[in-house]
């Protein structure tokens, strides 16, 4: 049915509405090659043509549809008023716009024309296209994913949960614990919309239909317990959830799984299930290995303590025997034999101090400056009361292994014993300084005292006492290092040997 504008007043009113309307409007002659008879300001702005330019155009200039198709749709619009069509229109600049066209016949100035209203749906089409593309990508990802994927609808679960006689999640947890059948009821209300091939493989199902139909067959007590926690999270409107439990396949094989749920839209969740059966087995084996290692370590610790205890007792017994021998000899303090026994006692004590330090750390590397402190402290009782020795040991983070510790303990014992015996004088005071330096990957151990220094015969290697002979052999053979001795304001001894680690490196 054609709408008719009967008089001039109506015509004037129509043109006023037509020209001032924000909607894009055209008047088109349906018979004369679809000539454009008029275009309002909104149309001029949208298409980029002036009114005068429009009057020279037909719909073929703006509509990219074929002439045959435009003619068919024009006939349809005449016979069926308020018809809607989707076209791609072209502006004066050549850009393409997706439009929805509403066309109705109109008797205007005693002539049938088509009153066309155009809606720009370019953005809407773009959104629809992106949404479709997104859905296609999701479907492709869903189908080809190596992980088990489930698309699930929880709308009925939501309704049922909120029909239960509980006020919050705490009451719900208590209620579900007291009514385990309600958990099964909620599981039965989950609607499986889709599963992928990885799901069929994981659960040993022959088809999607069988998997969905036999869904309840995969449940175990562990599944139900995890689903109870899932219901609590769902009740709290959590957007994502992660659970670990044991399922079973449709063939009855137990599988350990990790389940992750992500909300896609209202009540619709994407569930990812990862098979962690092998990982759980490895964790179990690792735990067994750790337990065995711990037991072995405890056994080793007990044995090591026992060995350390016996070595310590043997060293103490040996020192005791030396003291007994000294006492039995009946010699005077100035006797050479007695001095040799005292030196031997002190050397064994030095070894004992190093052994005690190492045993306390279960033979881990020890700080060199701590070792020096211990050795010197063990010898302080030998300093005569009428003499004074000030000892300065520079702090160092350099560590020594067990072999190096024993060797250096004997050397420090010899050096400090020598300072007590030869450098100090009655009523006098001397200074002993120890510096420990790392140099090109080696340890430089420097010992100084402010006494009279070594005799020339020792400096020229013309004479070696037992202590010096012992010290040189330890440096060269055990430490694989070098030894330099000199007199410079007193004794100065430099020992360089391959270094160990540092405290911060352990």
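The values are calculated or read from the model by the stated rules, or taken from the named source; none is laboratory data. Since the model is a prediction, treat every value here as computed from it, not as a measurement. With ideal geometry, Cβ positions are generated from the backbone for all residues, glycine too; neighbour counts draw on all protein chains shown.
If I ask for residues that are in contact with a strand residue (DSSP E or B) (Cβ under 8 Å, 6 or more places away or on another chain) and touching a residue at least 40 places away in the same chain (Cβ under 8 Å), which ones from the stretch 43-76 would you list? Selection gives 43, 46, 47, 49, 74.
In the stretch 241-255, the qualifying residues are those that are farther than 17 Å from residue 190 by Cβ and under 28 Å from the mean Cα position of the chain (by Cα), and the one that is surrounded by the most Cβ atoms within 10 Å (Cβ to Cβ) is 255. Filtering the stretch 338-373 to residues that are at pLDDT 75 or above, surrounded by 20 or more Cβ atoms within 10 Å (Cβ to Cβ) and in a helix (DSSP H, G or I) leaves 368, 371, 372. Restricting the stretch 440-459 to residues that are farther than 16 Å from residue 492 by Cβ and touching a residue at least 24 places away in the same chain (Cβ under 8 Å) leaves a set whose member that is surrounded by the most Cβ atoms within 10 Å (Cβ to Cβ) is 443. Restricting attention to the stretch 176-198, the residues being under 21 Å from residue 155 (Cβ atoms), in contact (Cβ under 8 Å) with a residue 24 or more places away in the chain and assigned to a helix (DSSP H, G or I) number 8. Against the criterion of being at pLDDT 90 or above, in a helix (DSSP H, G or I) and within 58 Å of the chain's Cα centre (by Cα), residue 170 qualifies. Being out of contact with any helix residue (DSSP H, G or I) (no Cβ under 7 Å at 6 or more places or on another chain) and modelled with pLDDT of 90 or more holds for only one residue in 238, 247, 213, and it is 213. Kindly provide the set of residues from the stretch 92-110 that are surrounded by fewer than 15 Cβ atoms within 10 Å (Cβ to Cβ) and free of Cβ contacts under 8 Å to residues at least 24 places away in the same chain, ordered by number. 94, 95, 110, listed by residue number. Of all residues in the stretch 374-416, those satisfying the criterion of being out of contact with any strand residue (DSSP E or B) (no Cβ under 7 Å at 6 or more places or on another chain) and either more than 20 Å from residue 356 (Cβ to Cβ) or not in a helix (DSSP H, G or I) (or both) are 384, 385, 386, 387, 395, 401. Taking (1) touching a helix residue (DSSP H, G or I) at 6+ places or on another chain (Cβ under 7 Å); (2) exposed (fewer than 12 other Cβ atoms within 10 Å of the Cβ) in turn, residue 282 satisfies each apart from (1). Among the criteria (1) within 22 Å of residue 344 (Cβ to Cβ); (2) at pLDDT below 85; (3) part of a helix (DSSP H, G or I), the one residue 457 does not fulfil is (1).
Could you tell me whether any residue of the stretch 16-34 is buried (at least 18 other Cβ atoms within 10 Å of the Cβ), part of a loop (DSSP other than H, G, I, E, B) and modelled with pLDDT under 95? Within the stretch 16-34, one or more residues are buried (at least 18 other Cβ atoms within 10 Å of the Cβ), part of a loop (DSSP other than H, G, I, E, B) and modelled with pLDDT under 95.
Screening the stretch 374-397 for residues that are within 44 Å of the chain's Cα centre (by Cα) and surrounded by fewer than 20 Cβ atoms within 10 Å (Cβ to Cβ) and picking the one that is nearest to residue 483 (Cα to Cα) gives 394. Picking from residues in the stretch 36-53 that are more than 19 Å from residue 102 (Cα to Cα) and touching a helix residue (DSSP H, G or I) at 6+ places or on another chain (Cβ under 9 Å), the one that is surrounded by the most Cβ atoms within 10 Å (Cβ to Cβ) is 49. Taken together, the residues in the stretch 460-484 that are within 21 Å of residue 433 (Cβ to Cβ), surrounded by fewer than 17 Cβ atoms within 10 Å (Cβ to Cβ) and modelled with pLDDT under 85 amount to 0.
The single condition among (1) within 30 Å of residue 127 (Cα to Cα); (2) modelled with pLDDT of 90 or more; (3) crowded, with 19+ Cβ neighbours inside 10 Å that residue 61 does not satisfy is (3).
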